[in-house]
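Every number in this text was worked out from the coordinates using simple rules, so none of it is lab data. Remember, it's a predicted structure, so these values are computed and weren't measured experimentally. Positions of Cβ are generated from backbone atoms using ideal geometry, with glycine treated the same way; all protein chains shown enter the neighbour counts.
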């Protein structure tokens, strides 16, 4: 499907304040960015850099007064996510070095503390994508989607206890459980067509059989029609905006529409 | 100035043929890409990767039949190029490691063979941007712009002898002379507003006083209003298209227009 | 001082088990590795790679039976650590992109939750290295070094409550407090001459005034004579050995001696 | 075989002069560096960095007076080089992005000008390692090893005409011919056991069937027992020493001996 997405962020700054944004989807394995727009009003000097995970980030100083960032992108994405029940979980010895850091615990994904839970879900000998699917199914069945049940400090260990949360909590728990059975897993922030209500979305990817698979524990039947905006270890790495100081935030608008 | 640029490439392939394109300008030090479009017709699977120089490249297989690539970009660029007569040529010991490879000779820039010429132009003790300006002035005065006087195998050593060539030859000679006095220099391919006739353009950058300066030996009075598409050691690195096989090339159209 | 250091790790494996080691100090800003030895017994196939933080890591499969790794290095290191009370804390806008990820919270360093504590120590307007020194002094005064008071799951938030721990806990707390005042901070694992009892040691570095400073909250008067073995966000990144399965660990021996 | 190698470089500088060295073999696919020593006399401040090709380089300023660099390494290397007649030449579309730059022409390897020669040797449809072997055999048969027949400016095009040269000329010609049939090829500088007379040696690697193969056109029957010191596009990238100014060079000593 060809998707148009947009994000607009509006601010009012009483004084200049530095900020970093991460809003530029990149063409990759499963998506082709056919068009992109990135408007900064008023225009200021921007330093764009690539972070540790390959995301394009924009560093700038928000000037005093009203300030907005408006990005649009048109992406060619698959309608369905790939599923491969027979894909094998690679032994660590066969993992490529550049996915190994996705095995380590991180701020919101304390995989070192969730091994028992993972074992209770998938048994002691996980071998294929099926066990990742079991983790997804378990989270989907046990965790209740509840806006306001979590906040920016909520981690996977918390969610494993409360069993309530939003998309990022579902993702953090899934990532942690995968890592605790030695499956590399990474956070994704992006757009999902027909998400209700429309907003940015979070899900995760698991590395099985030599490639990354999209996993989303929030949906009954996970669909494609997603645009990846950023990758990272967990939410700490993929904040679409980081403001280093105080600012008045006047809201975010997100749209995702199918083209034709 | 806000500039809109476009490139369209048209092909007809008798059989599938692999290709790599390098047509995606990136936001950076002196330019902000506010909008970008990259249409591939028919759409095929693309692998996008970042090369050694930070350029975004697209690897794909051109299918049998007609094929076109059409890119557009809107960029915020300065009207004038920076000039700083007092910027100091840094001793090699003070150069950052990531510019050192721009001191080495390359396919079209045999800086190891042009030391005597460089010395004859700038003397034995180059100290500032002024010597780079002298190199530019010398090339501008001595080399005649002549379409057809060179081809894809022409190198800086050739141009130093024939004293005729096109923009890429001017750039290669400038790069070589800079490197031979231990000034890092790199090739740039991109757009220049009001170039006559309109086409892609090549120039170079020299690293002086801790930053890169735009240098263009083809113009009487080098202007800004440039969009950088790709960087490299020389033309071998910055081909906007590389076709690995035979194909019928039906032409390229380039436009650059000021917005408003 | 010229220091000789060594680490020996001994194992016995009932079955082959994959492992990653990180034991190779690298020449850098403050240390020169004049000699290095890395013996693996029995020798097996090793994949060496550089991780996200620049550490050289060795991936291998430990074979069945006895297995040992013995590394030695001779390093030229300064006797004293640098201190610069007047070094300014750079505004985030002036930080180079490659240190920005050291501002983010991580597994053991939940800087997002320790802002109030940091403010209570350094006030609301930290400006120089002095505030980092205050953080160090606060930890040194308040936290009691107590072996066994923490374990591999202990984080900075835990240590801020218990006020007891070992070197890695001191480092995690220092890193978190620095990050919460927007000072990039990273974990270091390495050797410290005359540490009692001899073992690997952990400390941290803070980025102030455009460079990294060594900070160690465990010592009364922090000395130099350190060899850095690895850098990372926190202990999750700098495990000198990670064994993916079960193995019998027969102990580690560490030595550090001055040459002549 | 376990090999001990050493290089000693002796200089006398009338005035301080910057220099870059590249003398540190790295553990990799086919070699394990069990021990390494790198003595600089007198010791000076060194900046070590990794270049575009993964080589560890040392940047320093040689002080006035006598100066020497002495490196030693003990490496575990295979006795034989791998040969695989059935390994397929991958179509460009299937090459990983990080080998693509080894297809481009470079300073000493003008592959863009040697296509006809390559075709005359391997035909128009090269398909496997066999064609790379034919290139090697052709060079071995046609080019005469002759010390003094070439110099630091000699390129593959020159060697294809004179048919005389030393190891680096053999390598440049082989690299160029491989690239001209779309086989990625890279320069190697390193040690070869029992080379007569002992010196540093140069050969090349060709990327076939998804991996690099060692190719050496100077030997009748190429052997293993090699230690790779550095990789690059051609000799311009792998100079073991680059001195930016004038210095008195008092000689180099190289040894390679089998352990036990």
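Taking a ≥ b ≥ c as the square roots of the Cα gyration tensor eigenvalues, the protein assembly as shown comes out rounded, since a/c falls below 1.5. Over chain C, dividing the summed -39,500 (n - 2.57) contributions of all DSSP H runs of at least 4 residues by the number of residues returns a 222 nm mean residue ellipticity of -5000 deg cm²/dmol. Only Cα pairs under 8 Å and at least 6 apart count here; give the relative contact order of chain A as a rounded whole percent. 30 percent. With its label point defined 7 Å out from Cα along the Cα-to-Cβ axis, residue D:99 lies at 2.0, 3.4, 4.0 nm from the matching points of the other copies, in increasing order.
Mean-square fluctuation check for chain B, GNM, Cα pairs under 10 Å: which of B:137, B:75, B:93 is largest? Top of the fluctuation ranking is B:93.
Judged by the ratio a/c of the largest to the smallest principal axis of the C-alpha gyration tensor, segment C:157-260 counts as oblate, that ratio being 1.5 or greater while a/b is no larger than b/c. Counting Cβ atoms of other protein chains within 10 Å of each residue's Cβ and taking the mean over peptide A:72-83 gives 1.
For the peptide B:87-94, the mean number of other protein chain Cβ atoms found within 10 angstrom of a residue's Cβ is 4. At full extension, residue B:94 and residue B:44 could sit 13.4 nm farther apart than now, given 0.36 nm per residue minus the alpha carbon distance. Calculated FRET efficiency, residue C:68 to residue D:211, Cβ-Cβ distance, R0 = 41 Å: about 0.85 to the nearest 0.05. Taking label points 7 Å from Cα along the Cα-to-Cβ direction, residue D:141 and residue D:1 give a separation of 2.8 nm. In plain terms, the residue of D:194, C:196, C:88 with the fewest other Cβ atoms within 10 Å comes first and the most crowded comes last, giving C:196, D:194, C:88.
At an R0 of 51 angstrom, the distance between the Cβ atoms of residue C:134 and residue D:196 translates into a FRET efficiency of 0.20.
Could you work out the mean count of beta carbons from other protein chains within 10 Å of each residue's beta carbon in C:100-111?
Details: counts 7, 6, 0, 4, 10, 9, 9, 13, 4, 1, 5, 2.
Average neighbour count from other chains, rounded to a whole number: 6.
Among B:182, B:125, B:225, which one shows the biggest mean-square fluctuation in a GNM of chain B, springs joining Cα atoms closer than 10 Å? Result: B:125 has the largest fluctuation of those listed.
Shown for C:177, B:163: other C-beta atoms within 10 Å of each C-beta, ranked fewest to most, produce the order B:163, C:177. Using a Gaussian network model of chain A in which every pair of alpha carbons under 10 angstrom is joined by a spring, one finds that among A:176, A:150, A:111 the greatest mean-square fluctuation is at A:150.
For the pair residue C:15 and residue C:219, the difference between a 0.36 nm per residue extended length and the Cα-Cα distance amounts to 69.3 nm.
Sorted ascending by nearby beta carbons within 10 Å, beginning with the fewest, D:249, B:49, D:21, A:204 become D:249, B:49, D:21, A:204. Cα convex hull, segment B:92-232: 105 Å³ per residue, rounded to a whole number.
Of the beta bridges in chain B, as assigned by DSSP with both residues counted there, near 95 percent are antiparallel. Evaluated at 4 °C with a viscosity of 1.567 mPa s, what Stokes-Einstein diffusion coefficient in µm²/s does chain D have when Rh comes from the Kirkwood expression over alpha-carbon pairs? D = 68 µm²/s.
Could you work out how far the C-alpha centroid of segment C:1-68 sits from that of segment A:106-185, in angstrom? The two parts, judged by their Cα centres, are 32 Å apart. Here the label points at residue D:112 and residue A:8, each 7 Å from Cα along the C-beta direction, are separated by 4.8 nm in the simple model.
Just the number, please: percent antiparallel of the DSSP beta bridges in the protein assembly as shown, rounded to the nearest 5. If you can, show how the numbers build up before the last one.
Values: 262 of 270 bridges.
DSSP beta bridges in the protein assembly as shown are roughly 95 percent antiparallel.
Taking every alpha-carbon pair under 8 Å whose residues sit at least 6 apart, segment D:92-224 reaches a relative contact order of 27 percent. Which residues does a label at residue D:37 reach in segment D:158-192, if reach means a backbone N under 19 Å from a point 7 Å past the Cα toward the Cβ? From segment D:158-192, the list is D:191. Taking only Cα atoms, what is the 0 to 90° angle, nearest 10, from helix D:167-180's long axis to the longest principal axis of chain D? On a 0 to 90 degree scale, this one is about 40. Taking a ≥ b ≥ c as the square roots of the Cα gyration tensor eigenvalues, segment A:99-149 comes out oblate, since a/c reaches at least 1.5 and a/b does not exceed b/c.
Against chain D, whose longest principal axis comes from its Cα atoms, helix D:129-142 is set at around 70 degrees.
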